[in-house]
Amino acid sequence: MFALQTEDPSINGFLQVTIKRINTSERMSQAVIHGDTVYTAGQVAQDAAGGTVTEQTRNILDRIDKLLGEAGTDKSNLLSANIWLASMDDFEEMNTVWDAWVSPGAAPCRACVESRLASTKFTVEIMVIAARGT
């Protein structure tokens, strides 16, 4: 935990903000909670590597659901999402799965780009930011 100084006398000059890391390795954390905001690392389809775009997207969104749950929130509190596709030819297929998954009326800000991913067996990578306590 760390403290940030503030000019607000109602909190005695300090705002306490905690940082919690989830599934941390030497290189990275799969999720980080800072105050009431949850940041996930880019998720790839570890359980569907080499599968179709639909299979990979479903696997990634399942992983995100689990991380958000562990962080005390869910997809209805998404603020933003970044999506990387190995090919924009897969945009519609990925969107079909995404659209069925996202909470109605709670679509986040979103960006989607084509990018070479860490391995050719992955065609989709997704990272999200969500609020907690809403």
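For the range 1-34, filtering for residues that are surrounded by 12 or more Cβ atoms within 10 Å (Cβ to Cβ), touching a Phe, Trp or Tyr at 6+ places or on another chain (Cβ under 6 Å) and modelled with pLDDT under 85 leaves 0. For the range 116-134, the candidate set comprises residues that are among the hydroxyl-bearing types (Ser, Thr, Tyr) and exposed (fewer than 12 other Cβ atoms within 10 Å of the Cβ); within that set, the residue that is farthest from residue 53 (Cα to Cα) is 134.
Scanning the range 88-105 for residues that are surrounded by 12 or more Cβ atoms within 10 Å (Cβ to Cβ) and assigned to a loop (DSSP other than H, G, I, E, B) gives 102, 103.
Here the range 39-63 is the region considered, the condition is being of a type in the set (A, V, I, L, M) and not in a loop (DSSP other than H, G, I, E, B), and the residue that is surrounded by the fewest Cβ atoms within 10 Å (Cβ to Cβ) is 61.
Can you find even one residue in the range 106-115 that is at negative phi, among the polar types (S, T, N, Q) and touching a helix residue (DSSP H, G or I) at 6+ places or on another chain (Cβ under 9 Å)?
Residues of the range 106-115 at negative phi: 106-115.
Filter once more, keeping what is among the polar types (S, T, N, Q): 115.
Restricting the remaining residues to those that are touching a helix residue (DSSP H, G or I) at 6+ places or on another chain (Cβ under 9 Å) gives none.
No; the residues of the range 106-115 include none that is at negative phi, among the polar types (S, T, N, Q) and touching a helix residue (DSSP H, G or I) at 6+ places or on another chain (Cβ under 9 Å).
The values are calculated or read from the model by the stated rules, or taken from the named source; none is laboratory data. On a predicted model such as this, the values are computed, not experimentally measured, just so you know. Cβ coordinates were reconstructed from backbone atoms using ideal geometry, including for glycine residues, and neighbour counts include every protein chain displayed.
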